[in-house]
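Working notes, structure below.
The values are calculated or read from the model by the stated rules, or taken from the named source; none is laboratory data. Remember, predicted model here, so these are calculated numbers, not experimental data. Here the Cβ is made from the backbone with ideal geometry for all residues, glycine too, and neighbour counts use every protein chain on show. For the accessible areas, the whole protein counts, side chains as well, though only heavy atoms, and no ligand, DNA or RNA atoms are used. Shrake-Rupley method; radii C 1.70, N 1.55, O 1.52, S 1.80 Å.
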Amino acid sequence: MKDLITKYNALTAEEFIILWESVWGGGPTIEQTKLAMNHTLFRVSIYDGDNVIAMARMIGDMGLNYYIKDVVVKPEYQNKGIGRMLIEEMKTFVNDNGIKGTNIFVELCAMPDKIPFYEKFGFSANEAQRLKLMHEVK
Ligand SMILES: CC(C)(COP(=O)(O)OP(=O)(O)OC[C@H]1O[C@@H](n2cnc3c(N)ncnc32)[C@H](O)[C@@H]1OP(=O)(O)O)[C@@H](O)C(=O)NCCC(=O)NCCS
């Protein structure tokens with residue numbers, strides 16, 4: 001592993017799909033992903049040489065709500081502190097952009113086995129449940 005490079009708002013739709021598929025299989029379409037990248041508040045991506053190895057992104061309204069999405073470290077790079085780098089970048093973004101002196105709600109959704117990872121950064125689960133609908137766009 002050479003020195004890692006962190007980039008801001010550089011993550012492409014193609015890179016997003018590579019990382020998604022490295023951990024979750026069958027990724028979204030390029031068209032959907034390009035639209036999503038264009039409307040993301042903040043993207044962070046990490047590279048080993050020319051190869052993208054990790055990403056996270058923030059969506060939200062900048063004032064009241066920030067939502068962390070798609071935190072992914074390629075399997076062969078996991079357990080080396082890269083996930084920590086991603087979450088620290090997300091928290092720095094909130095700190096740099098939120099209204100000073102306010103408390104800001106930062107949310108994310110995690111599978112049960114990932115909750116201990118997020119707890120290390122101060123996140124905690126509450127009683128709310130995630131509801132979802134895969135809406136067919138006609
Ligand atoms: C979850 C994920 C982002 C963690 O990234 P990572 O680079 O392996 O994590 P790090 O090496 O930075 O770990 C930071 C700390 O969290 C701990 N940790 C990492 N994954 C953990 C887990 N699943 N459960 C408990 N602790 C975990 C590490 O031991 C480390 O602890 P330490 O600082 O006390 O030594 C990575 O496993 C991943 O991409 N998984 C697949 C995609 C995914 O499920 N993403 C989350 C979507 S909710």
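So which GluC sites (Glu not before Pro) in the stretch 41-138 pass both tests, a DSSP loop state and at most 16 other Cβ atoms within 10 Å of the Cβ?
Sparse-neighbourhood loop GluC sites (Glu not before Pro): 127, 136.
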Dipole magnitude of the chain, debye to nearest 20 (Cβ charges: Lys/Arg +1, Asp/Glu -1, about Cα centre): 200
In the chain, whole DSSP H helices that both stretch 18 Å or further along their axis by alpha carbon positions and average at least -0.5 on the Kyte-Doolittle scale are 82-97
Please state the relative contact order of the chain as a whole percent: Cα pairs under 8 Å, 6+ residues apart? 19
Roughly how much of residue 22 is accessible, in Å² to the nearest 10, using a 1.4 Å probe? 40
With each run of n ≥ 4 DSSP H residues scored as -39500 (n - 2.57), what mean residue ellipticity at 222 nm is computed for the chain after dividing by its residue count and rounding to the nearest 500 deg cm²/dmol? -9000 deg cm²/dmol
Residue (of 73, 23, 36) at the positive-pole extreme of the stretch 18-138, dipole from beta-carbon charges: 36
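Tell me the volume per residue, in Å³, of the convex hull enclosing the alpha carbons of the stretch 68-136.
In the stretch 68-136, the Cα convex hull volume per residue is 144 Å³.
How compact is the chain by the rule of thumb for globular proteins, expressed as Cα Rg over 2.2 N^0.38 Å? Don't skip to the answer; put the middle values down first.
On the way: Rg = 15.3 Å, N = 138, 2.2 N^0.38 = 14.3 Å.
In units of the globular-protein estimate, the chain measures up at 1.07.
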With every protein chain kept in place and a 1.4 Å probe, the residues 134, 111 fall, from largest accessible area down, as 134, 111
